[in-house]
Amino acid sequence: MKFPTIEHLANVTPYVSFDQGFVVSRRPDHTVIDYVYTVPETFSSAMALECRGLKFDRDGRIIGRPFHKFFNLGERQRTEDIDWSIPHHVLDKLDGSMVHPVLLDGATVFMTRMGASMQAAAAQRHAGTGVLELARHLLDGGITPIFEFTSPDNRIVIAYDQPALTLLAAREMISGAYLPLADLVGLGERFDVPVVRAKGAIADAKGFVASARREAGIEGYVLAFEDGHRLKLKTDGYVLRHRALSDVRLEKNVLGWVAAGAVDDVVPILPETVAARLLAYQAVVEGRASAHAADILAFAAEHRGVPRKDFAVLAFRRFDKRLTHAAFAAFDGRDPRAVIGAMLVHASGSEGRVEAVRDLFGMTWIAEDLDLPAIEA
């Protein structure tokens, strides 16, 4: 599998637009390109598949290249259509937050797809000497290390007993090539960093898939081919299925999935009609959140340099009072999308909080008419 060469922001921007679900978030010292919702045309090119958290420095040079967008087994490729003779590994799919470091003005900074976040900051606080040294070693060589941060306080679906950073992969920033698993294992041994657990190649694909889908208490597996191609295989395990089918009845849980970036993890195990409604809900919320952020950034840029007191007066006139904190963040050079994201996380704490921001994000969730299957007690 050949990935597009990316050296500069200008290599990517011609391929993305907000109409296709992408945002180009320009911050004072870096730029992030990510997708916030999907339409049928979103991932229609090799370059679009790369727009899942690309990072560039203030001069537009690439500084972070996490995973390309890859899909669930059966979503674009059926089991029988895959050439299983190509060398591959079966990797555990951990249920946390993908984080990766970048170098900003010489400092190592951990980020999630959309950049700086609470999860990334928590991951960096838990990063030991080995993780930091491994990160710097690869970054200095033009390679992005990709970790999964799992923690009792960062639960998506599966519970973990203690915080951990596990090395999942590493990509050359310019070429996009993935380091072989053997290299990851060697790096893990050298820097005393845990590496994602791997099984050998699949001999009986249909048998493996059927067995894996029946497993409980895990999220699933990633099928990692040595040419870079990857597929996700989610289980129908008890923990994930019970949580998803129970939580879908309450809007606060649905909003929580959107706010945590967990919709992709939940959709594969939901009934088709429920999954479609969830994806439509996500598109509305994320589209409105990104529109608010873009409006705020434009307003802050227009009034850059005015005294803070004057900016406050203008901001309170221009924006709903619930968005003024995001406006002040933009005025201070911070990302208003992160503030709006934190607002959504807070709103997902109760049904009452959801109601308090419903008009701001335009979302509607009705579960009573959904044909939900019975779940295990």
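Here are some notes:
- Checking residue 164 against (1) within 21 Å of residue 223 (Cβ to Cβ); (2) at pLDDT below 95, the condition it does not meet: (1)
- Failed item in (1) under 21 Å from the mean Cα position of the chain (by Cα); (2) assigned by TED's automatic domain parsing to the domain that holds residue 96; (3) at positive phi, with residue 224 passing the rest: (3)
- Residue 228 satisfies every condition listed in (1) assigned to a helix (DSSP H, G or I); (2) within 30 Å of residue 132 (Cβ to Cβ) except (1).
- Criterion: of a type in the set (Val, Ile, Thr) and within 14 Å of residue 32 (Cβ to Cβ) - qualifying residue of 112, 108, 129: 112
The values are calculated or read from the model by the stated rules, or taken from the named source; none is laboratory data. Here the structure is a predicted model, which means the values were calculated and not measured. Glycine also receives a Cβ, built like all others from the backbone with ideal geometry; neighbour counts cover every protein chain displayed.
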